[in-house]
Amino acid sequence: MNYILNIETATKNCSVALAQEGKIILCKEIAEEGYSHAERLHVFIEEIIQEAGITFQDLTAIAVSQGPGSYTGLRIGVSAAKGLCFALNLPLIAVDTLQILASQAKVKEGFIVPMLDARRMEVYSAIFNFKLEKQREIQAEIITEASFETISETVYFVGDCAEKCQSVLVKPNFVFLKEIKYPSAKEMCAISFAKFQQSNFVDVAYFEPYYLKDFMITTSKKVE
């Protein structure tokens, strides 16, 4: 049996999930303003292993959310994942944070735009279709009234940017799924298992989070 430990710390949500063959067994998470990841993460990992009735030696891989997101949060998550991989001689799987966020939107048409708050009107965003196929790569952008204006289909926005963006993104086909705020390790389980089956691993020694530090003013491109 393949047990994968999934770690998601890219935002205020500190989240850990254990999956077997891509199916979630246990998840522990908490979203706090104070970013308590350093205190919570290792406790969650220990508790999940104990409650699942397995040992660390039973794990077959570690998966971590690779960003973009909080610099501190990403460093904590990646450091923990790397430490486990080195100690247990396990492969490391990196999962796109915005893909994790988009996976929470269960829609049957249109496009999904996961957005994570950066600063002022800046966000980290990508565009996926309803099948969760990426239509535009991740970028840092400043949200304006012209953002995503060329998309005529329904656009579902998810992430922690609703409060600052919905007064600007007002087209009738724009829908904010406000209940989907942060990425969770729950949604990593199927993605990380698919990567595991393809031996899609990253180099434990050299892997670095995807910070996406440089901000640019961009306009959304038309999605065909």
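Points worth noting:
- Positions within region 166-220 being at pLDDT 95 or above and loosely packed, with under 12 Cβ neighbours inside 10 Å, in sequence order: Val170, Pro172, Glu179, Gln197, Gln198, Ser199, Asp203, Ala205, Tyr206
- Candidates in region 48-73 are the residues that are in a helix (DSSP H, G or I) and at pLDDT below 95; of these, the one that is surrounded by the most Cβ atoms within 10 Å (Cβ to Cβ) is Gly73.
Yes/no per residue for (1) touching a Leu at 6+ places or on another chain (Cβ under 8 Å); (2) in a strand (DSSP E or B); (3) in contact (Cβ under 8 Å) with a residue 60 or more places away in the chain:
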{"residue": "Met1", "(1), (2), (3)": "no, no, no"}
{"residue": "Ile4", "(1), (2), (3)": "yes, yes, yes"}
{"residue": "Ile30", "(1), (2), (3)": "no, yes, no"}
{"residue": "Glu39", "(1), (2), (3)": "no, no, no"}
{"residue": "Glu46", "(1), (2), (3)": "no, no, no"}
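- Filtered by the rule that a residue be assigned to a loop (DSSP other than H, G, I, E, B) and either touching a helix residue (DSSP H, G or I) at 6+ places or on another chain (Cβ under 7 Å) or closer than 30 Å to Phe86 by Cα (or both), region 181-204 gives Tyr182, Pro183, Ser184, Gln198, Ser199, Asn200, Phe201, Asp203, Val204.
- Selection count, region 6-23, where residues are over 21 Å from Gln57 (Cβ atoms), assigned to a strand (DSSP E or B) and either of a type outside the set (D, E, K, R) or touching a His at 6+ places or on another chain (Cβ under 9 Å) (or both): 3
- Being among the aliphatic types (A, V, I, L, M) and modelled with pLDDT of 95 or more holds for only one residue in Ala162, Ala126, Ala140, and it is Ala126.
- Looking across region 88-139 at every residue that is out of contact with any strand residue (DSSP E or B) (no Cβ under 8 Å at 6 or more places or on another chain) and surrounded by fewer than 18 Cβ atoms within 10 Å (Cβ to Cβ), the one that is nearest to Lys178 (Cα to Cα) is identified as Lys106.
The values are calculated or read from the model by the stated rules, or taken from the named source; none is laboratory data. The structure presented is a predicted model; accordingly, all values stated were derived computationally and were not measured. Glycine also receives a Cβ, built like all others from the backbone with ideal geometry; neighbour counts cover every protein chain displayed.
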